[in-house]
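Colleague: This is the structure, below, for whatever I ask next.
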Amino acid sequence: MHVLVVEDDAVLADGLSRVLSGHGMAVEVVGNGTQADALLQRAEHTEVVVLDIGLPGIDGFEVVRRLRARGSQVPVLLLTARDAIEDRVRGLELGADDYLVKPFATAELVARLRALARRNTPKPTVLALGDLVLDMSAKRARVRDKTIELSVREWAVLEYLLQHGARVVSKQQIIDAILPWGDDLTLNAVEVYISRLRLKIADAGVSIRTIRGFGYMLEQTPAPHA
């Protein structure tokens, strides 16, 4: 995910860049609204914007207004030290998608950014690997012609693994992806869901491989013969 951080506090900007980069995001940082506006006019790769309201040059409100006036639908999360409800309402009415009031927990910021990116990305109607098929519209999982029953969280974990193909994902990345915020899931619980999924997709020609110290990845294996 490519994230543009617009923050004039150099210490906070550096901290945000380190945190987001540590979660696998590509981060670009600018320190004022004028730079942000210029960059957003030409940066087609930006997927989410983290935008402080109180900026030198043009403020965050004006950055959002100009962005939406150009027809851009890039998700914007506002950061502000102002807790007045009027500021929040104004930002959302101008086209911002979410906001956080400083100080905030970085884990919540990461989760909200992932949620915004998912919301803005067209989802395929079907995810498949080997004989395993997830029908996203019907919320139905199949191994060949046999339906397999999945809990909500089992579905979410399997969907996330399929979306990332042959890439390794960590337990924490799985937690961040399937629980946007306000809920709780332990690393041990992820192991339980992975164990259950392995049993349920055993005949699909697909396995969930553990990469010790890093996480999990899906890989296609020869399907068992009848």
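Colleague: Modelled label-to-label distance, Lys200 and Asp14, 7 Å Cα→beta-carbon offset: nm?
Modeller: 4.6 nm
Colleague: Using Rg and Dmax of the Cα atoms in Å as the read-out, say which of [x] 17.2, 49; [y] 18.1, 54; [z] 20.2, 69 was calculated from these coordinates.
Modeller: Only one option fits the structure, namely [z].
Colleague: So, in the chain, how many Lys pairs have Cα atoms under 26 Å apart, if the pair is 8 or more places apart or on different chains?
Modeller: Summing the qualifying lysine pairs gives 8.
Colleague: Taking 0.36 nm per intervening residue step and subtracting the Cα-Cα distance, what contour gain separates Ser151 from Thr34 on full extension?
Modeller: 37.4 nm
Colleague: Roughly how many nanometres apart are two label points built 7 Å out from the Cα toward the Cβ at Ile58 and Glu108?
Modeller: 3.0 nm
Colleague: Turning to a different aspect of this structure: What spacing in nm lies between the two simple spin-label points modelled at Val168 and Arg70, each 7 Å away from Cα in the Cβ direction?
Modeller: 3.8 nm
Colleague: Just how much of Val133 is accessible, in Å², when a 1.4 Å probe is used and the result is rounded to the nearest 10?
Modeller: It works out to around 30 Å².
Colleague: Of the beta bridges DSSP finds with both residues in the chain, what % are antiparallel, to the nearest 5?
Modeller: 50 percent
Colleague: Taking the Cα atoms only, what angle lies between the long axis of helix 60-69 and the longest principal axis of the chain, rounded to 10 degrees?
Modeller: Result, in degrees: 70.
Colleague: With +1 on the Cβ of every Lys and Arg and -1 on the Cβ of every Asp and Glu, and nothing else charged, how large is the dipole of the chain about its Cα centre, in debye rounded to the nearest 20?
Modeller: 900 debye
Colleague: What FRET efficiency do you get for Ile211 and Arg90 if R0 is 35 Å and r is their Cβ-Cβ distance, rounded to the nearest 0.05?
Modeller: 0.15
Colleague: On a 0 to 90 degree scale, rounded to 10, what angle separates helix 10-22 from the longest Cα axis of the chain?
Modeller: 10 degrees
Colleague: Please say if the range 120-166 is rounded, prolate or oblate, where rounded means a/c under 1.5 for a ≥ b ≥ c the square roots of the C-alpha gyration tensor eigenvalues, and otherwise the choice is prolate for a/b larger than b/c and oblate otherwise?
Modeller: In terms of gyration-tensor shape, rounded.
Colleague: Determine the dipole magnitude for the range 1-50: charges of +1 sit on the beta-carbon of Lys and Arg, -1 on that of Asp and Glu, nothing else is charged, the reference point is the Cα centre, and the result goes in debye to the nearest 20.
Modeller: It comes to approximately 120 debye.
The values are calculated or read from the model by the stated rules, or taken from the named source; none is laboratory data. No experiment lies behind these values; they were computed from the predicted model shown. Reconstructed Cβ throughout: ideal geometry from the backbone, glycine too, with neighbour counts over all protein chains shown. Ligands, DNA and RNA are stripped out before the accessible areas are found, and what is left, the full protein with its side chains, is counted by its heavy atoms. Shrake-Rupley method; radii C 1.70, N 1.55, O 1.52, S 1.80 Å.
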